[in-house]
Amino acid sequence: MIPTLLVTSLLIFWAMDLAGGDPVNQILPENATYEQREILREQMGFNDPFMVRYFRYIGGILSGDMGKSYISGLDVFGTFMGRLHMTLLLGGSALIFACLISVPLGIYTALHQNTWKDTLATVLALFGVSMPNFWLGLMLILLFSLKLGWLPSGGTGGIQYLVLPAVTVGLSLAALLTRTTRSAMLDVIRQDYMTTAKAKGASYRRVIYNHGLRNAMIPIVTAVGMQFSYVMTGSALAETVFGWPGIGRLVVDSINKRDTPMVTGSIILCCVLMAIINLAVDIVYAFCDPRIKAQYSGRS
Amino acid sequence: MSKTRKTIILEGEEIEIYKGRSMAQETWRRLKRNKGAMIGIIFLVALMLATTVASFVYDYDKDIIAMSKDRFMPPSKDHILGTDNMGRDIFARVLYGAKYSLVISLGSTAIGLAVGLFLGALAGYYGGLIDNIVMRVTDIFYSIPYIMIAVVVVSMLGTSTMNLLLAMALGTFSNFARIGRASVMTVRDQEFIEAGRAIGLPTWKTIVKHVLPNCLSPIIVQTTLKVGSNIISASSLSFLGVGVTPPTPEWGAMLSDGRSYIRSSGWMCLFPGLAIMFTVLALNLLGDGLRDAMDPKLKR
């Protein structure tokens, strides 16, 4: 993970360097004199060669300093952390919403394979996957805030502000997870242990949930884990549509303003976040599947 | 296995021979039975025809980007999808704009496919150090949400259609590298590859002529699905203001325009979004159909 982060930071640092825009112009007011600019440039080390600046930056990170924003002058790490909970709240509720819809729907369609209910749900899921989610967000605003006036069209506050963004990010995710759950359940249903469980007289509910779903969980959890990068992307768009102050918007805004320390820092922190989430997914595997747990405990 | 019968005359005697279908024939035969896939193909062909016709019928300067006084007209007989904030006919713009969405998504997928497949095949065929390097690079692109990569690249190179294409290809290639690698690894150790090596075939020829054709089906399926998701990505980037710039009638850019007028003129957002959704839906239907048709396990 460390080499990956190093290369990522180098690439982003290099890209932002090429993206141009003199950082001095962003820090000083427009009427600053040439001398003032030169002094600042020397102070901040902008005249140093690229690699020197890069290693100074990495050195800063290692000593816990991710730099300060050129625009606002605020600490990068602090700004990122200050917005992280908003994105996690949005992404988390989208994920919960998606799971609540998709897992029961996926099981239901798998159990009623090739009936009209299955076809209907599959077609709906296909529509869900095919929709750009920022457009879905706009349509939800059009219907629920402008036509019906039930929910606010943007901003933050109580739970009513969370509903539309979470549904926007969650719905296409739900469509995807429905498809995964359905195919995972279809694989499991045909297994012999399901017949055995039925033959032993276990109740329908028990057969489906304890014997079926438990075994179908691995592909579902994998899909959820893989989709987290998608959730981050979706959040960046939904955050723009709904004016939600999260990380996605922070990064996109900073890139547009050529705020190099903010961009580089945020993207590195995003990568760390992804790594933590992947680790969390691995741990969830162990909970879902006793075979994986046994592997780990056997090794230690 | 189903076969076609053919009668030939050999040494004055009439004999029947059975000729097996090629992979392409077999796939097409099964694809024809899939209603969804056929709807998808018909829609895509119709869309391509319509956008070609539109580029002849409409004059870019006069009909597509020029302002007129009929601003914010709701859908009516004269303008079946209404007009936008500059009085331009939305129907004309949506049809004309299909060209941009299709070209950008096809182009970026093609570049991503070529680069990804090349790297993936190298990694899978040689293994060892090359494999390690290629896979770490794809890991990096996997761990950053694609939208952030694309925004950084576009801001580095400047906003233009070509740069958008490159940025999206960068977000696409890691996917194909993984598929290419996995597919190559499954056939790498088989006898016919070894036979090729034994008769002294150059490595590149072995890969191109013998390895890749045996991994075609997952690649074709993934390409179809990726073209669809790249249409969504392109429009998302245009929506964020880093893709195709107005007044070009790209669907995402049209949505971005319409967003400011969503309160009064909802149709400005509705129709470009529907266009994106149906196009991506058609590609997904085709992709799912191809997956079923090419799956040897599902032979009917």
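Taking the stretch B:11-42, which trypsin sites (Lys or Arg not before Pro) meet the DSSP loop condition and have no more than 12 other C-beta atoms within 10 Å?
B:ARG33
Do any trypsin sites (Lys or Arg not before Pro) in the stretch B:218-280 lie in a loop, going by DSSP, with at most 13 other beta-carbon atoms within 10 Å of their beta carbon, and if so which?
Here the trypsin sites (Lys or Arg not before Pro) that fit, given the DSSP loop and packing criteria, are B:ARG263.
Please identify every one of the GluC sites (Glu not before Pro) in the stretch B:1-89 that sits in a loop by DSSP and has no more than 11 other beta carbons within 10 Å of its own beta carbon.
Sites meeting the loop and neighbour criteria: B:GLU11.
Can you give the calculated 222 nm mean residue ellipticity of the protein assembly as shown, where each DSSP H run of n ≥ 4 adds -39,500 (n - 2.57) and the sum is split over every residue, rounded to the nearest 500 deg cm²/dmol?
After summing the helix terms and dividing by the residues of the protein assembly as shown, the value is -23500 deg cm²/dmol.
Calculated FRET efficiency, A:THR156 and A:LEU88, Cβ-Cβ r, R0 22 Å, to nearest 0.05?
0.95
Tell me the angle of helix A:260-288 to the major Cα principal axis of chain A, expressed in degrees between 0 and 90 and rounded to the nearest ten.
That works out to roughly 20 degrees.
How far is helix A:214-226 tilted off the main Cα axis of chain A, in degrees rounded to 10, range 0 to 90?
20
For a quick size check, give me the Cα extents of chain A along its three principal axes, largest first, whole Å.
Projected onto its principal axes, the Cα set of chain A covers 87, 60, 30 Å.
Nearest 0.05, what FRET efficiency do B:ILE8 and A:ASN114 give at R0 = 41 Å with Cβ-Cβ as r?
Step by step, r from the Cβ atoms, then E = 0.45.
Mind checking the full-extension length gain between B:LEU216 and B:LEU106? Use 0.36 nm per residue of separation minus the Cα-Cα distance, one decimal, nm.
So the chain would gain 37.8 nm between B:LEU216 and B:LEU106.
Between A:THR222 and A:TYR193, what is 0.36 nm times their sequence separation minus the Cα-Cα distance? Round to one decimal in nm.
Between A:THR222 and A:TYR193, full extension yields 8.2 nm more.
Lys and Arg at +1, Asp and Glu at -1: add these up for the other residues within a Cβ distance under 15 Å of A:ARG205 and post the number.
The answer is +4.
If you scale each eigenvalue of the Cα gyration tensor by 5 and take the root, what three semi-axes come out for the stretch B:241-300, rounded to whole angstrom and sorted largest first?
In descending order the semi-axes read 36, 13, 7 Å.
Taking R0 as 45 Å, what's the FRET efficiency between B:SER260 and A:ASN278 from their Cβ-Cβ distance, rounded to 0.05?
Computed FRET efficiency for B:SER260 and A:ASN278: 0.70.
Kindly provide the pair-distance distribution of chain B built from C-alpha pairs, with 20 Å bins from 0 and whole-percent values in order of increasing distance.
Histogram of Cα-Cα distances, whole percents per bin: 28, 48, 21, 4, 0.
What longest range of chain A stays clear of loop-exposed trypsin sites (Lys or Arg not before Pro) (DSSP non-H/G/I/E/B, at most 10 other C-beta within 10 angstrom)?
A:1-189
What net charge is computed for the residues neighbouring A:LEU176, neighbours being all others with C-beta under 14 Å from the C-beta of A:LEU176, Lys and Arg scored +1, Asp and Glu -1?
My count for the surroundings of A:LEU176 gives +1.
Along Cα→Cβ, 7 Å out, is where each label goes; now give me the distance between the ones at B:GLU194 and B:PHE118 in nm to one decimal.
My value for the distance between the label points is 3.1 nm.
Report the gain in length on full extension from A:ASP65 to A:PHE287: 0.36 nm times residue separation, minus Cα-Cα distance, nm rounded to one decimal.
Stretched fully, the A:ASP65-A:PHE287 segment lengthens by 76.2 nm.
Rounded to the nearest 10 degrees, what's the angle between the helix A:116-130 long axis and the longest principal axis of chain A, both from Cα atoms, 0 to 90?
The two axes meet at around 10 degrees.
Can you give the log10 of the normalised intensity I(q)/I(0) at q = 0.16, 0.29 Å⁻¹, computed with Debye over equal Cα scatterers of the stretch A:2-62?
For the requested q values the scattering log ratios are -0.60, -1.25.
Which helices count as membrane-span-like in chain B under these terms: full DSSP H, at least 18 Å along the axis by C-alpha, Kyte-Doolittle mean of 0.5 or more?
Going by DSSP H runs, the hits are B:35-57, B:90-126, B:128-143, B:161-188, B:216-239, B:267-294.
For the stretch A:199-276, what is the Kirkwood estimate of the hydrodynamic radius, computed as the reciprocal of the mean inverse distance between distinct Cα atoms, to one decimal in Å?
15.4
Using the reciprocal of the averaged 1/r over all distinct C-alpha pairs, how large is the Kirkwood radius of the protein assembly as shown in Å?
It is 26.9 Å.
Note down the magnitude of the dipole of the stretch B:68-170 about its Cα centre, charges +1 on Lys and Arg C-beta and -1 on Asp and Glu C-beta and zero elsewhere, to the nearest 20 debye.
300
What is chain B's relative contact order, in percent, from Cα pairs under 8 angstrom and six or more apart in sequence?
Rounded, it is 23 percent for chain B.
A short reminder: the numbers here are calculations on the coordinates, not readings from a lab. What you are looking at is a predicted structure, and each value in this text was computed from that prediction instead of being measured. Methodologically, a virtual Cβ is constructed for each residue, glycine included, from the backbone with ideal geometry; neighbour enumeration extends over all protein chains shown.
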